[in-house]
Amino acid sequence: MKPTYDPAAVEADWYDIWEKSGVFAPEHNPDGEPFCIVLPPPNVTGVLHMGHALNHLIHDVIVRRKRMQGFKVLWLPGMDHAGIATQTVVEREIGREGLTRHDLGREAFVEQVWTWKRKFGGSITTQMRQLGDSVDWSRERFTMDEGLSAAVREVFVRLYEKDLIYRGNRIINWCPQDHTALSDIEVEYEDTAGELVYINYPFTDGSGHLTVATTRAETMLGDTGVAVHPDDERYSEAVGKTVMLPLVNREIPVVADDVVDPEFGTGAVKVTPAHDPNDFEIGNRHGLEAINIFTIEAAVNENGGEFAGLDRLEARRAVKEALSAAGHIDHIEERAHSVGHCYRCKTVVEPYLSLQWFVKVGPLVTPAMEAVRDGRTRFVPQRWENSYFHWMENLRDWCVSRQIWWGHRIPAWYCADCDEVTVAREDPTVCPSCEGSNLRQDEDVLDTWFSSALWPFSTLGWPEETADLADFYPNAVLVTGFDIIYFWVARMLKMGLEFMGEVPFRDVVIHGLVRTPDGRKMSKSLGNAIDPLDVIESHGADPLRLAIVQAAAPGQDVPFDMEWVEGARKFGNKLWNAARFVLGHVDSGSVPADGGYPESPGPESAWILSRLAAVVERFDELSDEYRFSDAYGLLYNFAWSEVFDWYLELSKAALADEASAPQTRQTLGVVLRDLLKLFHPAIPYLTEELWKEVVGDGLLAGARWPDPPPTAAPQSMAVFQELVGGIRRFRSSHQLSPRHALELRIADPESVIESWWERQLKSLVAVTAEFGDAPDSDGFTRVVAGPIQGFLPLEGVVDLDAERARLERALAGAEADFAVADKKLSNPSFRDRAPAEIVTKEEAKQAEAEATIAKLRAQLDELGDS
RNA sequence: GGGCGUUUAGCUCAGUUGGGAGAGCGCUUCCCUUACAAGGAAGAGGUCGGCGGUUCGAGCCCGUCAACGCCCACCA
């Protein structure tokens, strides 16, 4: 083995070996209990970023451990066709040749997208391999592949048959850039400085005017009414009258409606049914006409008279000027308001009346809320359930049609002869109503999230009743960011319950965002994003993985700093060298894959085995609660400060003794092996490489998860460590070389010392220990550890001041301990009310501190003043 | 307008049944000891945001205030 850990060398070959071996497939544990996670499908246009890395690592840490625990694990990968995003990419590409998608025509354009997908769409799958994702590639799916398309069609038809999908004229969010409708959640709102324009609308009966306020003055071109609150006395006379719409000269009624807020603006609101959702509803209630004034580009159309052809912002200015010129502007206020933008292209969306397909969510919501309320699906951390409920309670119907070409085409046909609408599983050739053949399929495709909503079962073969579907639905866990709870998680719950009759997953693990060290959002456009592939290149996948896993507290954002990766790589080096040490004493390949714990370990080994047992147990508890940063933090500290810093050092003397050498070698082997197992889910490459050296039998990725080894701990380890620490402090205080041999006499009134201390004191701190009574002469100084006192000769310690300082520091510590215990114990209520074991513990602490104080004071007295 | 999160060492953050304040990095001192200087040993550093309450006991529970951040809402 090389003397230094080299991530690049270690990581070169393992992924291929794993993949070819079949460990990543559920067939690896054919008889295990099924455990399935489906990967949130990244966009086919996507490249791996830190958000993916975090998300995938949580998956991988869960899945690799479960696999080692014997579950029949499926982690199913796939990609999302990402309708608008992908179409935009390909349009941009053909745009370089001066072409639009309309030049190509629908069929040729879609073919072009497929070509693009085959050529560039796979990059994230390569990157997932670099990261080490243990997915089952044999089951990879794509939302547009044949099976999933069949599932989408089946779902659409069934929902239509149940009257849960309908087509209707509604106000939707229109993106004038992408020329498509968006669902409510595809709109991002942002506070923007704007103005509130107060416009006077004169009454037609000549009785003065009424003032309305608007932030979008141009929409007045489409006004067909004015609304006031029914109880607003200021306007009680006005209701029923008509006003003359300026510029347009349309006579429009004043109506009374409850939704109007009398406090806002003037309490009178212009009603534009075609361009505002509220106004649309007011219009419906009062029979007001809806006049669309915009083209799909959001320029004013022919209904805008003289303003036709102007873009909406130009129109806003022109309308204001014209109103002003005609004396209709009352006044204008500055006002910040929230403006919706397309989540894809960031264009300001326009509320727009159009004919679209909608999913009626009401009947789907109730079971989906019940499932979370009664715990069939559980959010981790649980607080996200509040957001989920709140959102579900206020859901409006989901607009699922998109006016683009890349996606699942809506399976609806319109008959030109009889207006019959046919929604069918098979493409119809004749109209089922009039038997005419003049059929035209709906031009629209479905929202990308429609197919994503089916992902937990469509990927397993639904609507066919496959073996995978029987095994792996419901999925065990879903791991995702909070940002797509609404987009995805809630919809999967609705669809899963509707079509499978069962929740899609038991646990939903919600993680945060990856942030920069200064807590800002990492984004490509801000230029502060760290590319995980660069990190893998420069530091290795394992260091990146360990860094992220350690930093990712459940549900919290993850500040990502290269320092963490540096630290993780240092750990890798430490583990590497620990393995080299072990292999210096244990034959390579001689450690059994499981078990093999020594039956009668020596005291040092018994101690580390007992610690290992406790760590395994706690690690599993934490992992089962998805607290991986805590689990790996625990393991990291155990490995470094207990195994490496203590046990490996202790083993040196134990190995030198022929009697204890065999069980020590055995212990070194199995402890290292179990560390490799425990670390494997987080740092699979390095641990697999070391497994080859240490165990050499099969793949670690397919090995069995460790059980806590059965052992008992020697009682004196803590005192021994304290004594060693005391001696080291003594040396450090006097700047004595660690090699400087010391003779130590140890007085042990309570007989806690064990014989192995002697060899260890020599080995660890170069001390020759002699056990016996306290020396009866001066000329010694004390090192106190619990009940025992070590006496070191003062001879050679020239600096009495330094010695006094050391003792005083120790004394201060003991006095502080005493004070804390004493304060509690001198409180009668404490003795009355605290549990007996707590009281006993405090008494013991107090007694020990008292004894230590006495010894140190005695020593200081002997030293005298300086 | 409603909801949620965060506030602990110089920095980034852990601390989940209330009972000895922790990690990594940074800093100081010593040491190239035969696994590892990408290391070892020792050490400095905190009124756990403020105030009030519950409790024998509060970083942890309750109330309140403050700062920062996020989400939601029919802000015409």
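The values are calculated or read from the model by the stated rules, or taken from the named source; none is laboratory data. Only a predicted model underlies this, so the values are computations on that prediction, with no experimental measurement involved. As a convention, Cβ positions derive from the backbone with ideal geometry for all residues, glycine included, and neighbour counts pool all protein chains shown.
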- Query: On the given criteria, is A:SER538 closer than 24 Å to A:LEU57 by Cβ, surrounded by fewer than 22 Cβ atoms within 10 Å (Cβ to Cβ) and free of Cβ contacts under 8 Å to residues at least 40 places away in the same chain?
  - Reply: yes
- Message: Going through A:ARG728, A:ARG704, A:ARG745, A:ARG665 one at a time, which residue ends up being surrounded by fewer than 22 Cβ atoms within 10 Å (Cβ to Cβ) and within 10 Å of RNA strand B (Cβ to nearest atom)?
- Response: A:ARG728
- Query: If you check A:GLU837 against the conditions, is it under 30 Å from A:TRP607 (Cβ atoms), more than 13 Å from RNA strand B (Cβ to nearest atom), assigned to a helix (DSSP H, G or I) and not β-branched (Val, Ile, Thr)?
  - Reply: no
- Message: Anything in the range A:256-278 that is buried (at least 20 other Cβ atoms within 10 Å of the Cβ), more than 6 Å from RNA strand B (Cβ to nearest atom) and touching a residue at least 60 places away in the same chain (Cβ under 8 Å)? List them, or say none.
- Response: A:PRO273, A:ALA274, A:HIS275, A:ASP276
- Criterion: surrounded by fewer than 16 Cβ atoms within 10 Å (Cβ to Cβ), away from RNA strand B (no atom under 11 Å from the Cβ) and closer than 18 Å to A:LEU723 by Cβ - qualifying residue of A:PHE771, A:PHE780: A:PHE771
- Message: Taking the condition of being of a type in the set (Gly, Ala, Ser) and part of a helix (DSSP H, G or I), how many residues in the range A:686-741 meet it?
- Response: 7
- Among (1) assigned to a loop (DSSP other than H, G, I, E, B); (2) more than 15 Å from RNA strand B (Cβ to nearest atom), where does A:ALA613 come up short? (1)
- Tally of residues being surrounded by fewer than 22 Cβ atoms within 10 Å (Cβ to Cβ) and either in a helix (DSSP H, G or I) or touching a Lys or Arg at 6+ places or on another chain (Cβ under 9 Å) (or both) across the range A:214-234: 5
- Message: Return the residues of the range A:174-233 that are over 16 Å from A:PHE294 (Cβ atoms) and aliphatic (A, V, I, L, M); say none if nothing qualifies.
- Response: A:ILE185, A:VAL187, A:ALA193, A:LEU196, A:VAL197, A:ILE199, A:LEU210, A:VAL212, A:ALA213, A:VAL226, A:ALA227, A:VAL228
- Take the residues of the range A:67-83 that are in a helix (DSSP H, G or I) and crowded, with 24+ Cβ neighbours inside 10 Å: which is nearest to the chain's Cα centre (by Cα)? A:ARG67
- Among residues of the range A:161-194, those that are hydroxyl-bearing (Ser, Thr, Tyr), surrounded by fewer than 17 Cβ atoms within 10 Å (Cβ to Cβ) and within 16 Å of RNA strand B (Cβ to nearest atom), counted: 2
- Message: Take the residues in the range A:143-155 that are touching a residue at least 24 places away in the same chain (Cβ under 8 Å) and surrounded by fewer than 20 Cβ atoms within 10 Å (Cβ to Cβ); name whichever of them is farthest from A:ALA25 (Cα to Cα).
- Response: A:GLU154
- Message: Any residue that is closer than 28 Å to A:ALA12 by Cα and either among the aliphatic types (A, V, I, L, M) or in contact (Cβ under 8 Å) with a residue 40 or more places away in the chain (or both) - is there at least one of those in the range A:79-90?
- Response: yes
- Total residues in the range A:525-561, condition at pLDDT 90 or above and more than 18 Å from the chain's Cα centre (by Cα): 11
- Item | Every pair of residues 6+ apart whose Cβ atoms lie under 8 Å, when the first sits in the range A:187-211 and is without any contact (Cβ under 8 Å) to a residue 24 or more places away in the chain while the second is surrounded by 15 or more Cβ atoms within 10 Å (Cβ to Cβ) | A:GLY208/A:PRO202
- Task: Name the one entry in A:VAL243, A:VAL254, A:VAL269, A:VAL248 that is over 53 Å from the mean Cα position of the chain (by Cα), within 22 Å of A:ALA326 (Cβ to Cβ), not in a loop (DSSP other than H, G, I, E, B) and not aromatic (Phe, Trp, Tyr).
- Result: A:VAL243
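Per-residue answers, yes or no, for (1) touching an Asp or Glu at 6+ places or on another chain (Cβ under 9 Å); (2) in contact (Cβ under 8 Å) with a residue 40 or more places away in the chain; (3) among the basic types (Lys, Arg):
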{"site": "A:ALA769", "(1), (2), (3)": "yes, no, no"}
{"site": "A:PRO787", "(1), (2), (3)": "yes, yes, no"}
{"site": "A:GLY796", "(1), (2), (3)": "no, no, no"}
{"site": "A:LEU800", "(1), (2), (3)": "no, yes, no"}
{"site": "A:ARG806", "(1), (2), (3)": "no, yes, yes"}
{"site": "A:ALA810", "(1), (2), (3)": "no, yes, no"}
{"site": "A:PHE818", "(1), (2), (3)": "yes, no, no"}
- Please determine, by comparing only the residues of the range A:334-356 that are touching a helix residue (DSSP H, G or I) at 6+ places or on another chain (Cβ under 9 Å) and not acidic (Asp, Glu), which one is surrounded by the fewest Cβ atoms within 10 Å (Cβ to Cβ). A:CYS345
- Query: Does the range A:30-54 hold any residues that are in contact with a strand residue (DSSP E or B) (Cβ under 6 Å, 6 or more places away or on another chain) and either surrounded by fewer than 23 Cβ atoms within 10 Å (Cβ to Cβ) or among the β-branched types (Val, Ile, Thr) (or both), and which are they?
  - Reply: A:GLY32, A:PRO34, A:ILE37, A:VAL38, A:PRO40, A:ASN43, A:VAL44, A:MET50, A:GLY51
- Any pair with Cβ under 9 angstrom, 6 or more apart, that starts in the range A:551-574 at a residue that is acidic (Asp, Glu) and ends at one that is in a helix (DSSP H, G or I) and within 6 Å of RNA strand B (Cβ to nearest atom): none
- Task: Only residues in the range A:773-785 that are closer than 20 Å to A:ARG731 by Cα count as the first member; pair them with residues that are outside any strand (DSSP E or B) and β-branched (Val, Ile, Thr), Cβ under 8 angstrom, at least 6 apart or cross-chain, and list the lot.
- Result: A:THR781/A:VAL797; A:VAL783/A:ILE727; A:VAL784/A:THR852; A:ALA785/A:VAL719
- Mind checking which residues of the range A:747-766 are touching a helix residue (DSSP H, G or I) at 6+ places or on another chain (Cβ under 8 Å) and not small (Gly, Ala, Ser)? A:VAL752, A:GLU754, A:TRP756, A:TRP757, A:ARG759, A:GLN760, A:LEU761, A:LYS762, A:LEU764, A:VAL765
- Yes/no for A:VAL479 being within 13 Å of the chain's Cα centre (by Cα), away from RNA strand B (no atom under 13 Å from the Cβ) and either at pLDDT below 95 or outside any helix (DSSP H, G or I) (or both): yes
- Among (1) modelled with pLDDT under 90; (2) in a helix (DSSP H, G or I), the one test that A:SER600 misses: (2)
